[in-house]
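To start, the structure under review is shown below, and the notes come after it.
The values are calculated or read from the model by the stated rules, or taken from the named source; none is laboratory data. Quick caveat: nothing in here was measured; it's all calculated off a predicted structure. In this analysis, Cβ positions are derived from the backbone assuming ideal geometry, glycine residues included, and neighbour counts consider all displayed protein chains.
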Amino acid sequence: MAPHSPPLAPHSPPLANDEVSNFPQIFRVCQKFARPQVADIAGEVHAQLTRQELNRRVQPGQSVAITAGSRGIANIALILRATAEHFRSLRAEPFLVPAMGSHGGGTAEGQQQVLESYGITEASIGCPIRSSMETAIVGRAAEGFPLHIDRTACEADHLLVCGRVKPHTSFAGDFQSGLLKMLLIGLGKQTGANIYHRAIEDYSFDQIVRSVACELLQKCHVVAGLAIVENAYDETALIEAVEPLQFEARETQLLALARKWMARLPFDAVDVLLIDRMGKNISGVGFDPNIVGRKFNDHQAVENETPKVKRICLRSLTPESHGNAVGLGMAEFCRTQLLRDMNARITRVNSLTSGHIAAGMTPLDYETDREMLQAALGTVGLVEPRYARLLWIADTLDLAEVECSSAYLEAAKARSDLEIISELREMEFDAEGNLAEEMTNDE
């Protein structure tokens with residue numbers, strides 16, 4: 001983990017209330033993270049699946065359902081294509097099934113469109129895509145609720161669960177985002193995801209996983225898992241095939257690796273965090289609460305949680321979100337254009353299904369960056385806006401370079417893991433009152 005921020009200098013006295021003094025000066029830093037990386041993506045997929053000796057279980061002519069989720073996973077189209085090719089080499093008949101709960105507006109067409117936005121099509125992957133919201137009930141949990149799973153996947157001869165392992169936006173414990181969540185909530189479609197999230201309100205995700213996973217692994221003919229872990233630069237750091245009976249044990253270990261390799265903000269104390277873009281391709285709730293310190297409370301970090309961010313300002317919604325702005329309610333301020341780009345129905349479906357109601361609410365909105373930042377900087381305490389602790393990032397996946405306000409300059413100079421790559425300068429607004437289009441990152 002990066003060292004905690006050194007103490008900052010005391011806040012400076014007020015300046016004259018001129019135009020320049022309303023905003024901090026900024027400088028850019030480059031962060032240095034560990035960078036494990038898979039060089040040959042397709043080759044590693046084939047090597048990992050070969051080690052599982054799937055030819056002993058998968059017979060020629062048998063169908064294999066391969067899960068395809070709704071996250072912006074690096075190299076996902078290439079990974080899925082190599083997976084399909086491996087099963088075709090066994091003379092099996094692979095196909096993709098969207099495994100994304102209620103995403104895509106909770107419709108089969110919407111979920112297929114989500115895949116297409118990631119370059120995942122029948123032509124690019126080389127196998128059919130069978131998108132349906134119909135589920136089969138394969139049993140009941142000990143807690144009493146029915147176990148739903150995508151009917152098409154359930155009826156296949158085999159199921160390969162492919163997914164990224166990383167800390168979840170709200171779940172805590174040994175199991176978070178990964179193969180088991182994909183099996184339960186992704187393949188549960190909207191009906192199953194809704195039931196599982198309701199059960200998590202009464203129990204915990206760990207308990208629900210342990211109650212449900214064993215039965216689903218057996219009844220759904222899971223042949224293997226393909227786990228993906230990414231590094232802090234949003235690159236593929238690890239691909240590993242996992243035996244079904246090892247899902248629980250191995251996923252816990254991979255989660256620890258994912259947490260170790262994930263990116264972070266350069267400082268722990270933040271008055272205003274300005275984020276260029278949020279979206280479902282970035283995080284399940286648009287921006288990662290693990291990064292901004294809001295995993296357990298939507299609007300402030302809890303005790304022993306870092307960073308401590310007072311105010312979050314959002315500038316835009318990614319096109320890959322297809323209007324799903326769930327997570328917007330975890331920010332205090334946003335640009336009005338973001339609300340125009342939001343599809344309220346799709347956002348509400350996702351918010352209600354996940355049980356995270358506040359994530360679908362809307363923050364205070366302003367037409368311009370200037371107005372939004374003026375409002376935010378005026379709410380962070382007695383510090384004058386000129387000397388506020390402001391960080392400006394592209395998104396919570398892209399943290400190699402970060403714009404920092406002058407309040408951090410001396411602390412940055414003392415950090416060996418930070419390289420200062422620009423001089424102090426004013427925040428520049430155009431004639432309409434907006435900043436440059438994005439906090440562009442050269443990484």
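Taking segment 291-300 only, how many residues are under 12 Å from the mean Cα position of the chain (by Cα) and surrounded by fewer than 22 Cβ atoms within 10 Å (Cβ to Cβ)?
The qualifying residues number 0.
Looking for whichever is more than 19 Å from Ile208 (Cβ to Cβ), modelled with pLDDT under 85 and among the basic types (Lys, Arg) here; the options are Arg71, Arg81. Which one fits? Show your work before the answer.
Working: Arg81 fails: modelled with pLDDT under 85.
None of the others qualify; the one that does is Arg71.
Looking only at segment 208-254, count how many residues are in contact (Cβ under 8 Å) with a residue 12 or more places away in the chain and within 23 Å of the chain's Cα centre (by Cα). Show your work before the answer.
Of segment 208-254, the ones in contact (Cβ under 8 Å) with a residue 12 or more places away in the chain are 208-213, 215-217, 219-245, 247-248, 250-252, 254.
Right, trim to within 23 Å of the chain's Cα centre (by Cα) and you get 208-209, 213, 225-242, 247-248, 250-252, 254.
Selection size over segment 208-254: 27.
Against the definition (of a type outside the set (Asp, Glu), closer than 25 Å to Val114 by Cβ and within 26 Å of the chain's Cα centre (by Cα)), how does Leu435 come out, yes or no?
Working: of a type outside the set (Asp, Glu): yes; closer than 25 Å to Val114 by Cβ: no; within 26 Å of the chain's Cα centre (by Cα): yes.
Judged against the criteria, Leu435 is not a match.
Looking for something over 22 Å from the mean Cα position of the chain (by Cα) and among the small types (Gly, Ala, Ser) - is there at least one such residue anywhere in segment 68-78?
Checked segment 68-78: no residue is over 22 Å from the mean Cα position of the chain (by Cα) and among the small types (Gly, Ala, Ser).
Among the listed residues Leu216, Leu245, which satisfies the condition of being over 16 Å from Gly192 (Cα atoms) and either at pLDDT 85 or above or not in a strand (DSSP E or B) (or both)?
Of the residues listed, the single one that is over 16 Å from Gly192 (Cα atoms) and either at pLDDT 85 or above or not in a strand (DSSP E or B) (or both) is Leu245.
Could you go through segment 81-88 and let me know if any residue there is aliphatic (A, V, I, L, M), touching a strand residue (DSSP E or B) at 6+ places or on another chain (Cβ under 6 Å) and under 23 Å from Thr396 (Cα atoms). Before the answer, list the steps.
So the first thing to find is which residues in segment 81-88 are aliphatic (A, V, I, L, M), and the list is 82, 84.
Now narrow it down to the ones that are touching a strand residue (DSSP E or B) at 6+ places or on another chain (Cβ under 6 Å): 84.
After this cut, where a residue has to be under 23 Å from Thr396 (Cα atoms) as well, the list is none.
Within segment 81-88 (the criterion being aliphatic (A, V, I, L, M), touching a strand residue (DSSP E or B) at 6+ places or on another chain (Cβ under 6 Å) and under 23 Å from Thr396 (Cα atoms)), the answer is no, since none of the residues qualifies.
Out of all the residues in segment 77-91, is one or more among the basic types (Lys, Arg) and touching a His at 6+ places or on another chain (Cβ under 9 Å)? Working first, answer last.
In the first step, residues of segment 77-91 are kept if they are among the basic types (Lys, Arg); the result is 81, 88, 91.
Keeping just the survivors that are touching a His at 6+ places or on another chain (Cβ under 9 Å) gives none.
Checking segment 77-91: not a single residue is among the basic types (Lys, Arg) and touching a His at 6+ places or on another chain (Cβ under 9 Å).
Scanning segment 87-109 for residues that are in contact with a Pro (Cβ under 9 Å, 6 or more places away or on another chain) and not in a loop (DSSP other than H, G, I, E, B), which turns out modelled with the lowest pLDDT?
Ranking the candidates gives Gly104 first.
So, Phe27, is that one surrounded by 17 or more Cβ atoms within 10 Å (Cβ to Cβ), modelled with pLDDT of 95 or more and part of a strand (DSSP E or B) or not? Walk me through it before giving the result.
Details: surrounded by 17 or more Cβ atoms within 10 Å (Cβ to Cβ): yes; modelled with pLDDT of 95 or more: yes; part of a strand (DSSP E or B): yes.
Criteria met by Phe27.
Would you check which residues across segment 346-369 are in contact with a helix residue (DSSP H, G or I) (Cβ under 7 Å, 6 or more places away or on another chain) and over 18 Å from Asp288 (Cα atoms) and list them? Talk me through it step by step, then tell me what you get.
Step one: filter segment 346-369 for residues in contact with a helix residue (DSSP H, G or I) (Cβ under 7 Å, 6 or more places away or on another chain), giving 346-349, 351, 353-355, 357-367.
Answer for segment 346-369, where residues must be in contact with a helix residue (DSSP H, G or I) (Cβ under 7 Å, 6 or more places away or on another chain) and over 18 Å from Asp288 (Cα atoms): Ile346, Arg348, Val349, Thr353, Leu364, Asp365, Tyr366, Glu367.
Looking only at segment 341-359, which residues are within 13 Å of Lys280 (Cα to Cα) and either assigned to a strand (DSSP E or B) or under 17 Å from the mean Cα position of the chain (by Cα) (or both)?
Selection gives Thr347, Asn350, Ser351, Ala359.
Pull up segment 263-276, narrow it to residues that are under 17 Å from the mean Cα position of the chain (by Cα) and more than 21 Å from Ala358 (Cβ to Cβ), then point me to the one that is surrounded by the fewest Cβ atoms within 10 Å (Cβ to Cβ). Outline the logic, then answer.
Keep residues of segment 263-276 that are under 17 Å from the mean Cα position of the chain (by Cα), which gives 263-265, 275-276.
Restricting the remaining residues to those that are more than 21 Å from Ala358 (Cβ to Cβ) gives 263-265, 276.
Working: Ala263: 23, Arg264: 19, Leu265: 23, Asp276: 21.
My answer is Arg264.
Restricting the first residue to segment 312-338 and requiring it to be aromatic (Phe, Trp, Tyr), which pairs with a second residue that is modelled with pLDDT under 95 and assigned to a loop (DSSP other than H, G, I, E, B) meet a Cβ separation below 9 Å and a spacing of at least six or different chains?
none
Taking Leu409 as meeting all but one of (1) in a loop (DSSP other than H, G, I, E, B); (2) out of contact with any Lys or Arg (no Cβ under 9 Å at 6 or more places or on another chain); (3) at pLDDT 95 or above, write down the number of the exception.
Tallying (1) in a loop (DSSP other than H, G, I, E, B); (2) out of contact with any Lys or Arg (no Cβ under 9 Å at 6 or more places or on another chain); (3) at pLDDT 95 or above, Leu409 fails exactly one: (1).
Against the conditions (1) at pLDDT 95 or above; (2) assigned by TED's automatic domain parsing to the domain that holds Ile275; (3) surrounded by 13 or more Cβ atoms within 10 Å (Cβ to Cβ), where does Ile421 fall short? Just the number, please.
(3)
Restricting to segment 360-387, what's the tally of residues that are in a loop (DSSP other than H, G, I, E, B) and more than 14 Å from Phe333 (Cβ to Cβ)? Walk me through it before giving the result.
Just the residues of segment 360-387 that are in a loop (DSSP other than H, G, I, E, B), to begin with: 361-363, 367-368, 378-384.
If we keep only those that are more than 14 Å from Phe333 (Cβ to Cβ) as well, we get 381-384.
Of the residues in that region, 4 qualify.
Taking segment 339-391 on its own, how many of its residues are β-branched (Val, Ile, Thr), more than 20 Å from Val272 (Cβ to Cβ) and either in contact with a strand residue (DSSP E or B) (Cβ under 8 Å, 6 or more places away or on another chain) or without any contact (Cβ under 8 Å) to a residue 40 or more places away in the chain (or both)?
Step one: of segment 339-391, the residues β-branched (Val, Ile, Thr) are 346-347, 349, 353, 357, 362, 368, 379-380, 383.
Of the ones still in play, those that are also more than 20 Å from Val272 (Cβ to Cβ) are 346-347, 349, 353, 357.
Applying the additional criterion that residues be either in contact with a strand residue (DSSP E or B) (Cβ under 8 Å, 6 or more places away or on another chain) or without any contact (Cβ under 8 Å) to a residue 40 or more places away in the chain (or both) yields 347, 357.
Selection size over segment 339-391: 2.
Among the listed residues Arg415, Arg370, identify the single one that is touching a Phe, Trp or Tyr at 6+ places or on another chain (Cβ under 6 Å) and surrounded by 16 or more Cβ atoms within 10 Å (Cβ to Cβ).
Details: Arg415 fails: touching a Phe, Trp or Tyr at 6+ places or on another chain (Cβ under 6 Å).
Of the residues listed, the single one that is touching a Phe, Trp or Tyr at 6+ places or on another chain (Cβ under 6 Å) and surrounded by 16 or more Cβ atoms within 10 Å (Cβ to Cβ) is Arg370.
Take the residues in segment 219-230 that are assigned to a strand (DSSP E or B) and not small (Gly, Ala, Ser); name whichever of them is farthest from Gln246 (Cα to Cα). Step through it out loud before you land on a result.
Taking segment 219-230 and keeping what is assigned to a strand (DSSP E or B), we get 222-230.
Narrowing the set further to residues that are not small (Gly, Ala, Ser) leaves 222-223, 226, 228-230.
Numbers: Val222: 12, Val223: 12, Leu226: 12, Ile228: 15, Val229: 17, Glu230: 20 Å.
Here the answer is Glu230.
If the requirement is being small (Gly, Ala, Ser) and closer than 19 Å to Leu49 by Cα, which of these qualifies: Ala123, Ala156?
Numbers: Ala123 fails: closer than 19 Å to Leu49 by Cα.
Residue meeting the stated conditions: Ala156.
Report whether or not Glu303 is without any contact (Cβ under 8 Å) to a residue 24 or more places away in the chain, surrounded by fewer than 20 Cβ atoms within 10 Å (Cβ to Cβ) and over 24 Å from Ala232 (Cα atoms).
On the way: without any contact (Cβ under 8 Å) to a residue 24 or more places away in the chain: yes; surrounded by fewer than 20 Cβ atoms within 10 Å (Cβ to Cβ): yes; over 24 Å from Ala232 (Cα atoms): yes.
Considered against the rule, which asks whether it is without any contact (Cβ under 8 Å) to a residue 24 or more places away in the chain, surrounded by fewer than 20 Cβ atoms within 10 Å (Cβ to Cβ) and over 24 Å from Ala232 (Cα atoms), Glu303 comes out as yes.
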